[in-house]
Amino acid sequence: MTKYEQDTLLIHNGFKYDAGTGAVSVPIYNSSTFHQVDVDSFGKYDYSRSGNPTREVLEETIALLEGGVRGFAFASGMAAISTAFLLLSQGDHVVITEDVYGGTFRVVTEVLTRYGISHTFVDMTDIAQVEAAIQPNTKVIYMETPSNPLLKITDIRAICELAKQAGALTFVDNTFLTPLSQKPLELGADIVLHSATKFLAGHSDVMAGLAVVKDEELAKRFYFLQNAFGAILSPHDSWLVLRGLKTLHVRLQHSVAAAEKIAEYLQTHPKVKRVYYPGLADHPGRDIQFAQATDGGAVLSFELENEEALRQFLAHVKLPVFAVSLGAVESILSYPAKMSHAAMGQEEREKRGISASLLRLSAGLENPNDLIRDIDQALAAVETSAVSL
Ligand SMILES: *Cc1c(COP(=O)(O)O)cnc(C)c1O
């Protein structure tokens, strides 16, 4: 196939039109089973857990975008991540980033441990710490970059090098940037994971997860697990993700520009204690970010003076929805301490710097000037007494 740019690939990929009907939108094959012509020659599809034509188009599209050999679609990001962990066996060990997504934290600490799979949390931005955490039984190094919610940047190439020397696989959760901004497989990773619920689908209307693997051998093992565990994405939801993907490029362009503008605005505001955004000039991970990704992404976090200030701000802000999730057409403000990282427990959160006055903002498709005006009036409503408590 001709090598197209990413924006073209979103529209012109493996699927051009349906061979039978000419339909340009992928048909939704709501069929659990498929008729077989005779006892000796089964067709390509037999049962939809094992393979479904609609899901297959999505799986091929994400593999193409990430530059992997094969993609897999799941019922949620956590289903994709959990299935990837099934590659491990009893006695294996995982080195994992300490500010990992709360749901992944829960699987690693409360599920894998029951099956004799141990873990060490590290600050992935510190290569020496990662190196020191590697054990003879380390089989996976798990990265998430930019991390959630503190937007810390891991050097994917450097960690993949370390992992190769140790004979461990590397998993990268690429939810925050998508393959349009960052391609972990090209940087040396073995498996890319996504919550497609976020930017890839992009409209807050579907839950989905995707995985892409680098080589055929891993693809066989991953397919076996997808079929065995069965946490697959439905045909209709596969279609929703495919539909969302077509506008990913234009959505991201708008949202990244908005996030940059909002981060710069917040940084100058006296009632904002700290802004976390890898696109900012003084972000400690900025150089690594721009060496492995094209931009700083559309998600930022910021800290107000204290919890009272945060409550007053939230009571006045009007445009963003206050909700769990990110990567949607509408801007989403979320409160990591009580939302994405609630599963972590207060002590673990505080150790990681996820304070009670931290908010995360995912920039949507509103006009960024309206968002800034809205944030500005909500900050103005935060009483100075709350700030100086
Ligand atoms: C949301 C999210 C997940 C989990 O995905 P679901 O689709 O909610 O199961 C995993 N990783 C990151 C970074 C996320 O933001």
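Could you please let me know if Y45 is of a type in the set (F, W, Y) and at pLDDT 95 or above?
yes
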Requested in this report: Could you list, in sequence order, all residues of the stretch 169-196 that are touching a Gly at 6+ places or on another chain (Cβ under 9 Å), within 13 Å of the ligand (Cβ to nearest atom), part of a loop (DSSP other than H, G, I, E, B) and not hydroxyl-bearing (S, T, Y)?
Outcome: F176, L177, A196
Report summary line: Residues of the stretch 328-349 being under 16 Å from G102 (Cβ atoms), in contact with a helix residue (DSSP H, G or I) (Cβ under 9 Å, 6 or more places away or on another chain) and within 15 Å of the ligand (Cβ to nearest atom), in sequence order, are Y335, P336, M339, S340, H341, A342, A343, M344
Query raised in the report: Given A281, A337, which one is within 13 Å of L150 (Cα to Cα) and more than 18 Å from the chain's Cα centre (by Cα)?
Result: A337
Query raised in the report: Does S195 satisfy the criteria of being of a type in the set (S, T, N, Q) and more than 12 Å from I81 (Cβ to Cβ)?
Result: no
Query raised in the report: In the stretch 316-347, what residues are of a type in the set (S, T, N, Q), without any contact (Cβ under 8 Å) to a residue 12 or more places away in the chain and in a loop (DSSP other than H, G, I, E, B)?
Result: none
**Report entry** Residue among S355, S331, S325, S340 that is in contact with a Leu (Cβ under 8 Å, 6 or more places away or on another chain) and not hydrophobic (A, V, I, L, M, F, W, C)
**Finding:** S331
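For every residue, the table says whether it meets (1) among the hydroxyl-bearing types (S, T, Y); (2) under 16 Å from F176 (Cα atoms).
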{"residue": "W239", "(1), (2)": "no, no"}
{"residue": "L245", "(1), (2)": "no, yes"}
{"residue": "H249", "(1), (2)": "no, yes"}
{"residue": "H254", "(1), (2)": "no, yes"}
{"residue": "A257", "(1), (2)": "no, yes"}
{"residue": "K271", "(1), (2)": "no, no"}
{"residue": "P278", "(1), (2)": "no, yes"}
{"residue": "S301", "(1), (2)": "yes, yes"}
{"residue": "F322", "(1), (2)": "no, no"}
Query raised in the report: Does any residue of the stretch 197-209 turn out to be touching a strand residue (DSSP E or B) at 6+ places or on another chain (Cβ under 9 Å), more than 11 Å from the ligand (Cβ to nearest atom) and assigned to a helix (DSSP H, G or I)?
Result: no
Report task. State which residue is nearest to L87 (Cα to Cα) when the search covers only the stretch 198-246 and only residues that are in contact (Cβ under 8 Å) with a residue 60 or more places away in the chain and of a type in the set (V, I, T). Result -> V213
Query - Residue, nearest to A258 (Cα to Cα), within the stretch 350-373, restricted to residues that are part of a helix (DSSP H, G or I) and in contact with a helix residue (DSSP H, G or I) (Cβ under 9 Å, 6 or more places away or on another chain) - result: P368
Query raised in the report: Restricting the first residue to the stretch 166-178 and requiring it to be over 24 Å from A208 (Cα atoms), which pairs with a second residue that is among the charged types (D, E, K, R) and more than 9 Å from the ligand (Cβ to nearest atom) meet a Cβ separation below 7 Å and a spacing of at least six or different chains?
Result: A168/K139
Query raised in the report: Got at least one residue in the stretch 212-229 being touching a Ser or Thr at 6+ places or on another chain (Cβ under 7 Å), within 14 Å of the ligand (Cβ to nearest atom) and either closer than 26 Å to L326 by Cβ or not aromatic (F, W, Y) (or both)?
Result: no
Report summary line: Subset of the stretch 294-306, residues within 19 Å of L248 (Cβ to Cβ) and surrounded by fewer than 24 Cβ atoms within 10 Å (Cβ to Cβ), comes to T294, D295
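The values are calculated or read from the model by the stated rules, or taken from the named source; none is laboratory data. Being a predicted model, the structure only gives us computed values, none of them experimental. Every residue, glycine among them, receives a Cβ derived from its backbone with ideal geometry; neighbour counts consider all protein chains shown.
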